[in-house]
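> The structure is given below, and queries will be raised subsequently.
Just so you know, all these numbers are worked out from the coordinates, no wet-lab data involved. A quick note: this is a predicted structure, and the numbers were derived from the prediction, not measured. Cβ atoms come from the backbone with ideal geometry, glycine included; neighbour counts cover every protein chain shown.
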Amino acid sequence: MKIGITCYPTYGGSGIVATELGMELAARGHQVHFISYAHPIRLNPELEGVHYHEVEVANYPLFAYPPYCLALAARMAEVAESYQLDLLHVHYAIPHSVSALLAQQMTAPKRRLPFVTTLHGTDITLVGAEPSYFNITRFSIEQSDGVTAVSRYLVDRTVEVFGVNCPIETIHNFVNCEQYAPAGDGARRGKRLIHVSNFRPVKRPLDCIHVLARVVKETGAELWMVGDGPERGHAERLAHELGVDERVKFLGKQDHVERLLPQADVLLLPSEHEAFGLAALEAMACGVPPVATRVGGVAELVTHGVDGFLEPVGDVEGQAARVMELLTDAALHQRISNAARETARTRFCTELIIPRYEQLYRRVVAAG
Ligand code: GMT
């Protein structure tokens, strides 16, 4: 098939899922066209079957806000016609599904251009629920030819918040278990915690510093903070205030987290909301147990006490207690690590999830 994919190209779960999906589809023989304002960070441009089309947003003094949504729609329609696309697949509803709807109408006289919208989380739980975006988000979801969400939780939230009555299919996030794998020698790595996020307040990165401060004395642990965003400065200051700055390394944005994760012992995911928790899945595939919060769709991935631990939001004492257990009890760590890898391999690997998208594409195209 010839598939157009649109996503946010920067660091963020939805863009990562869209990019990995596109590359997996190309590896299966599909022709994939990424349409966005910048080259998606994880996209390997050398891959056979992968194309990238940049959206240029012309500015003018009259525009207080350059109309990206329109430029994107026009580019989608142009690429669809030039490359005879079978469908568009947009990730994150706002504004991508609205642009796809416009592109569909622009191309309608010549060709049918169905589009699939994948909901990722904050497009529903935070941004989409804002009064100024509410109606258009609901409208563009209902107008989509296929809608998926990354967890059952997010399906329920979408129905609850927006009252949409179109079918929404749960297709969980996935991980390439060959690329994301435990360190070769199987040896314990030491006492290293890792946090991977875009450092937005919803991720509560400061909680990671509080957790480290509670375990550092007994364990001598260190913490790798991977990513960047608005909370980074606060996290750095807090590490200094709590006297653990020497034990925290801020690595900034990283393109190859699959090389960092296997070097850690525990992943910290203390988020306030999480529709799925891709960072936890990637860690689990590497055999790194997650200590996460019991929010949103995380429990669809992590089974408490089996392949990771789930604690309440903001309960840094509880999270620190779990980290202590994992860092001081080698048998427990090994058991949870093995189970985490097994969960990733048997429930969320690419071989299981990508065919679900292919089936949906075939259905949506055949519906015409
Ligand atoms: O908030 C983020 O972490 C980024 C956001 C995004 O859309 O870029 O992530 C969401 O999508 C990820 C991929 O599907 C999910 O794993 C995350 O749980 C979800 N984030 C939230 O719901 C906060």
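> Determine how many Å³ per residue the convex hull of the Cα atoms of the stretch 192-347 encloses.
For the stretch 192-347, the hull spanned by Cα atoms encloses 92 Å³ per residue.
> Quick one: putting +1 on the C-beta of Lys and Arg, -1 on the C-beta of Asp and Glu, what dipole do you get for the stretch 192-347 around its Cα centre, in Debye to the nearest 20?
It works out to roughly 220 debye.
> What is the magnitude of the charge dipole of the stretch 249-289 about its Cα centre, with +1 placed on the Cβ of each Lys and Arg, -1 on the Cβ of each Asp and Glu, and no other charges, expressed in debye to the nearest 20?
Using only the charged Cβ atoms, the result is roughly 180 debye.
> A further question follows. Choose one of 349, 71, 84: the residue whose Cα lies farthest towards the positive end of the charge dipole of the chain (beta-carbon charges +1 Lys, Arg; -1 Asp, Glu; about the Cα centre).
The residue sitting most towards the positive pole is 84.
> Name all residues of the stretch 191-221 having a backbone nitrogen under 15 Å from the label point set 7 Å from the Cα of residue 232 along its Cα→Cβ direction, giving them as ranges.
195-201, 205-206
> Could you let me know the centre-to-centre spacing of the stretch 149-203 and the stretch 293-368, using Cα atoms, in angstrom?
The stretch 149-203 and the stretch 293-368 have Cα centres spaced 7 Å from each other.
> Specify which residue in the list 195, 140, 328 is farthest towards the positive end of the charge dipole of the chain, using unit charges on the beta carbon of Lys, Arg (+1) and Asp, Glu (-1), about the Cα centre.
Of the listed residues, the answer is 140.
> Starting from the coordinates of the alpha-carbon atoms of the chain, obtain the Kirkwood hydrodynamic radius over all distinct pairs and give the value in Å to one decimal.
Computed over the chain, the radius equals 21.2 Å.
> Oh, and also: Picking from 268, 224, 183, whose Cα lies most toward the positive end of the charge dipole for the chain (charges on Cβ: Lys, Arg +1; Asp, Glu -1)?
In the chain, that residue is 183.
> Find me the longest stretch of the chain that has none of the exposed GluC sites (Glu not before Pro), where exposed means in a DSSP loop (not H, G, I, E or B) with at most 14 other Cβ atoms within 10 Å.
It works out to 179-368.
> Run the helix sum for the chain: -39,500 (n - 2.57) per DSSP H stretch of 4+ residues, divided by residue count, reported at 222 nm to the nearest 500 deg cm²/dmol.
-13500 deg cm²/dmol
> Rounded to the nearest 20 debye, what is the charge dipole size of the chain about its Cα centre when +1 sits on each Lys and Arg Cβ and -1 on each Asp and Glu Cβ?
For the chain, the charge dipole is close to 300 debye.
> Excluding residue 179 itself, calculate the net charge of residues whose Cβ lies under 11 Å from the Cβ of residue 179, where each Lys or Arg counts +1 and each Asp or Glu counts -1.
-3
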